[in-house]
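Heads up: the structure comes next, in structure tokens.
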Amino acid sequence: MGWAAGRRRFVAAVAAVGVAATVGVIAYRVLAPAEVSTPARDDYPARSMPDPGVTGRLPVAPLIVDGRLRVYAAARQVYADQPVDSRSRHTPYWSFRRWPASLDAVVASGTTVVSRWSDGQLVAIDARTGRVTWRADGPEPASERVARRTGTAVVWRPSGLAVSRTVDGRQVIVSSGEGEVRAVDLADGGQLWRAAVGSDCREPVGSASGGRLLTVDDCEGPAVIEFRDTATGVVTTRWRPPDAGDELTATLLGCGPDGVGCAALRTAGPGDAPARGWLLGAEAPVQAPVLDGPGTELVDETAVGMAEGVLVGRAVPGGAERWRVEVGPGRVIAVQPGRVHVLTEANELVNVDPATGTRLSSFVLDIGSDGTGWAPGDAYAADGYVVVERLRRPVDPDADDQRYYLTAESLIVAAT
């Protein structure tokens, strides 16, 4: 009996060790850091050339890359589908997933897609093949990204990650985070420079003309705008608008594709403080009152804005009127080279040439049985397309996603 009992205890102990080992292996496989890269299996698609009009609806916000792919962000994945004018989202053309890091921001330049993750790592993917081309370390984000279901904050407003360009034309990826700003070469991920900055008191704004990076610095004393050389990271100028208060916000205007080489800046103080427009040149910013209006945009050297249902184009910097076109009550929701996009109160999209004021196309943003009884949220324009978030009326910013958005596929896409 003693031997049998001991044998049973021995077998039980061995079994327990085996179970523990098995559980450990499973836990390791599930919880261990991992990456899954699924490259493209199909040929790189040709550019679509659809007629103007609504082309589809999507559940999440796309970046339109090279006029051929739509790139999306998920909690732990960046992926692409095609063609751009597809009516709905398709099986991924390529996909890249990481664990346990979460996706913080995505930018694109040409055919390179760069993602930043919660551990600070930058991963560049060739959009044509879906293959990783380089990786680089960067600062961890200063705070956890808060994004709604559509993910517009990750792909359309990727704070802490930007594309910039040096004076000699080299493309640079700049990432900022907890106490640091770091720049790497877009071509190979090689580090160009890194700079220590105060935590939670420097907010990068974006890339200006002349190879400069703009940052709002309110670490000590009144807020100041820093101009930092993109190639070296050296701060070349610290500037603040005359008579500005202690607080300051800044918005870049007249940016090229991918948000590079912005030509102007609009500054504002807290509350009802008036906004002021400034042209960015080699020296200090020069005041441009034609850009003062908070709804005014700069595209192709023309300031465009709405006034009592009329879209007006004015010369920059002088402000002389170039053209005007009746569009009805509405607002400018987006601009891109060669296009000004106005959304009317009836949710009609009117597309105008900024050089001449010629109406290029117009149509109601409606698809299926969704109707037009919605309010516009975030909007995005690239490569001749416009994408608009559709929100339930009345808009409740504190509502959950199901109440906040019009439908599960809340983004409407149109060719212009």
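The values are calculated or read from the model by the stated rules, or taken from the named source; none is laboratory data. Remember, it's a predicted structure, so these values are computed and weren't measured experimentally. Because the Cβ atoms are built from the backbone with ideal geometry, glycine has one as well, and the counts that use them run over all protein chains shown. Quick note on the areas: whole protein, heavy atoms, side chains included, nothing else; ligands and nucleic acids left out. Shrake-Rupley method; radii C 1.70, N 1.55, O 1.52, S 1.80 Å.
Could you work out the Rg to Rh ratio of region 230-345, with Rh taken as the Kirkwood radius (inverse of the mean 1/r over all Cα pairs)?
That ratio equals 0.99.
Taking a ≥ b ≥ c as the square roots of the Cα gyration tensor eigenvalues, with a/c under 1.5 meaning rounded and otherwise prolate when a/b beats b/c, else oblate, which class fits region 365-405?
Cα axes put region 365-405 in the oblate bin.
Considering only LEU186, THR133, GLY53, whose Cα is most displaced toward the positive end of the charge dipole of the chain, charges sitting on Cβ of Lys, Arg (+1) and Asp, Glu (-1)?
THR133
List the extent of the Cα atoms of region 66-115 along each of their three principal axes, largest first, rounded to whole Å.
Cα extents, longest axis first: 33, 23, 13 Å.
Treating the beta-carbon of each Lys and Arg as +1 and of each Asp and Glu as -1, no other charges, what is the dipole magnitude of region 142-279 about its Cα centre, to the nearest 20 debye?
Details: 15 positive and 18 negative charges, 95 e Å.
Charge dipole of region 142-279: 460 debye, to the nearest 20.
Using +1 on the beta carbon of Lys and Arg, -1 on that of Asp and Glu, and nothing else charged, what's the dipole of region 317-375 about the Cα centre, debye to 20?
So the magnitude is around 260 debye.
For the chain, with every protein chain kept in place, what is the accessible area per residue (1.4 Å probe, Å²)?
47 Å²
Below 8 Å, C-alpha to C-alpha, sequence gap of six or more: please give me the relative contact order for region 197-332 in percent.
The value is 14 percent.
Please compute the volume of the convex hull spanned by the alpha-carbon atoms of region 317-390 and report it per residue in Å³.
It is 102 Å³ per residue.
Using a 1.4 angstrom probe on the protein heavy atoms only, line up MET49, MET306 by accessible area, largest first.
Heavy-atom accessible area, descending, gives MET49, MET306.
Given contacts defined as C-alpha pairs under 8 Å and at least six residues apart, what's the relative contact order of region 20-174, whole-number percent?
20 percent.
Using only the alpha-carbon atoms, how far is helix 2-31 inclined from the longest principal axis of the chain? Give it as 0 to 90 degrees, nearest 10.
20 degrees
How high is the relative contact order of the chain? Use alpha-carbon pairs under 8 Å, at least six apart in sequence, and give a whole percent.
11 percent
Rounded to the nearest 10 Å², what accessible area does ARG238 show when all protein chains are kept and the probe is 1.4 Å?
ARG238 has an accessible surface of roughly 130 Å² with all protein chains in place.
At q = 0.17, 0.19, 0.21 Å⁻¹, what is the base-10 log of I(q)/I(0) for region 289-412 according to the Debye formula with one equal point scatterer per Cα and no solvent? Please give it to two decimals.
Relative scattering, expressed as log10 I(q)/I(0), comes to -0.85, -1.00, -1.15.
Given that just one value was derived from the coordinates, which of (i) 22.1; (ii) 21.1; (iii) 23.3 is Kirkwood radius over Cα pairs in Å?
Looking at Kirkwood radius over Cα pairs in Å for this model, the match is (iii).
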